1. Please tell me if residue 144 is touching a residue at least 40 places away in the same chain (Cβ under 8 Å), farther than 30 Å from residue 179 by Cα and surrounded by fewer than 22 Cβ atoms within 10 Å (Cβ to Cβ).
2. For the range 490-498, state whether one or more residues are modelled with pLDDT of 85 or more, assigned to a helix (DSSP H, G or I) and closer than 14 Å to residue 409 by Cα.
3. If residue 517 meets every condition in (1) modelled with pLDDT under 85; (2) not in a loop (DSSP other than H, G, I, E, B) apart from one, which number is that one?
4. Quick check on the range 113-132: of everything there that is farther than 11 Å from residue 430 by Cα and at pLDDT below 90, which residue is nearest to the chain's Cα centre (by Cα)?
5. Looking at 378, 386, 374, can you tell me which residue is in contact (Cβ under 8 Å) with a residue 60 or more places away in the chain and either closer than 21 Å to residue 230 by Cα or surrounded by fewer than 16 Cβ atoms within 10 Å (Cβ to Cβ) (or both)?
6. Which residues, taken from the range 118-147, are in a loop (DSSP other than H, G, I, E, B) and over 14 Å from residue 414 (Cβ atoms)?
């Protein structure tokens with residue numbers, strides 16, 4: 001490979017691919033993933049069984065989990081994995097749509113390049129179409145309130161695309177209650193910290209037995225069998241301090257010359273622990289959550305006074321308990337008072353499956369809550385957890401933004417229609433790129449219909465006809481009856497931000513791929529620098 005006039009030195013074995021080859025391979029790699037993901041879209045989407053290198057099996061239709069599990073080698077395919085991770089982290093939904101639209105944008109972009117349309121024309125048209133999409137979505141968005149009924153519609157729409165085994169209604173109810181518990185008003189904005197919602201999953205029962213806990217679950221058990229296993233009207237001490245005699249930070253020798261001194265020494269240790277426990281008793285606490293250890297002697301004193309104690313609590317759980325019970329984390333036991341204690345209607349040790357867990361329930365105004373997911377098998381429980389996290393994410397966005405758009409392919413159909421009108425109004429070659437963008441968005445309702453076993457072109461024609469009417473902008477596909485219906489009127493909606501981000505991410509990624517004109521791959525093995533050949537060397541070759 002010769003570089004005329006450009007002093008580039010490449011390592012031995014480095015390969016350089018031309019624009020046509022690079023573009024073809026990149027688009028092919030991305031579209032192969034997009035095609036695989038297509039079948040998971042919508043309520044009628046199918047699942048994938050993923051088997052990793054050590055034989056562990058994951059069954060899911062969650063596109064992020066699929067991309068996270070599979071190991072891809074192609075550089076362009078790795079970019080899609082990064083896109084999925086960013087979408088999942090920042091939005092929590094819309095990954096499937098983003099990947100499908102990316103594949104379609106690249107497909108139509110490649111067709112335009114083959115027709116000798118300049119890349120910059122395509123990129124300009126895509127950018128213009130993306131900006132216009134944001135305007136369209138703002139125009140057709142519907143404002144919602146913090147009403148539980150409205151938010152439940154958003155959650156149910158998200159869960160309808162997941163494997164909930166007929167429990168979408170129950171799980172939507174659980175997710176909505178959990179988010180409303182932790183929502184915080186700051187000025188005019190609502191903020192939802194999903195880290196305050198603890199999700200515990202235990203296999204062994206039906207998914208229908210999953211529950212919302214108005215408090216917290218701690219995956220521990222009572223430290224001593226003689227302690228009470230259930231406490232009503234709990235006064236909870238959250239202690240970040242050891243209830244045991246700890247070793248000093250330096251080595252020291254204790255010389256005992258009289259056998260009676262052994263007893264005195266031991267008694268002194270017991271007195272130290274007894275005094276610590278007395279401070280807890282005097283505060284009025286009847287439940288103790290200790291981040292560190294609890295000595296046998298301390299357990300004895302606590303048990304004798306009817307105090308339930310749980311030890312070695314994770315710091316994160318201690319902080320959640322503080323939020324749930326409105327207590328304070330105590331670092332100095334000697335200064336603790338009744339005002340430092342948290343409150344809960346009940347604290348009880350329960351047997352869940354093979355494990356024992358502590359349930360802190362009926363808190364007055366908990367700002368941290370728990371959800372217990374049950375499942376007949378580990379795979380069902382794990383997939384239900386993924387579905388629930390997805391529902392929590394969309395409720396969080398709906399609470400923070402207050403705007404939703406119709407689902408069931410209605411919003412994509414309306415956006416596609418308006419983009420087509422925009423394309424007709426443009427007098428430059430960018431119009432064909434905007435038209436290609438419109439077709440890419442239209443692929444979503446098309447794939448929804450395909451996955452439901454419907455005749456896609458027939459249902460698309462019905463949607464086109466309805467959306468041409470002024471009252472038809474909210475019409476999508478009823479995948480159960482295989483007809484079209486008003487998605488908003490039937491409670492099918494999703495947060496506006498989800499689709500906005502999906503379109504934005506797909507557009508930016510497609511523009512980046514279409515802009516690549518060469519792929520330079522470094523050698524995997526060592527080797528000296530590769531000197532550029534001279535024009536004369538080329539002629540001799």
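The values are calculated or read from the model by the stated rules, or taken from the named source; none is laboratory data. Just so it is clear, the model here is predicted, and its values are computed rather than measured. Ideal geometry is used to build each Cβ from the backbone, glycine not excepted, and the neighbour counts take in all protein chains shown.
1. no
2. Among the residues of the range 490-498, at least one is modelled with pLDDT of 85 or more, assigned to a helix (DSSP H, G or I) and closer than 14 Å to residue 409 by Cα, which makes the answer yes.
3. Failing condition for residue 517: (2).
4. Looking at the filtered set, the residue picked out is 113.
5. Only one candidate qualifies: 378.
6. 118, 144, 145, 146, 147
Conditions tested, residue by residue: (1) under 19 Å from residue 388 (Cβ atoms); (2) out of contact with any strand residue (DSSP E or B) (no Cβ under 8 Å at 6 or more places or on another chain); (3) in contact (Cβ under 8 Å) with a residue 24 or more places away in the chain; (4) outside the structural domain of residue 99 (by TED's automatic domain parsing).
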site	(1), (2), (3), (4)
30	no, yes, yes, no
39	no, yes, yes, no
45	yes, yes, yes, no
48	no, no, no, no
53	no, yes, no, no
61	yes, no, yes, no
64	yes, yes, yes, no
67	no, yes, yes, no
73	no, yes, no, no
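Okay, residues lined up against (1) surrounded by 17 or more Cβ atoms within 10 Å (Cβ to Cβ); (2) free of Cβ contacts under 8 Å to residues at least 24 places away in the same chain; (3) closer than 24 Å to residue 89 by Cα:
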{"site": "140", "(1), (2), (3)": "yes, no, no"}
{"site": "153", "(1), (2), (3)": "yes, no, yes"}
{"site": "162", "(1), (2), (3)": "yes, no, yes"}
{"site": "173", "(1), (2), (3)": "no, no, yes"}
{"site": "185", "(1), (2), (3)": "no, yes, yes"}
{"site": "208", "(1), (2), (3)": "no, no, no"}
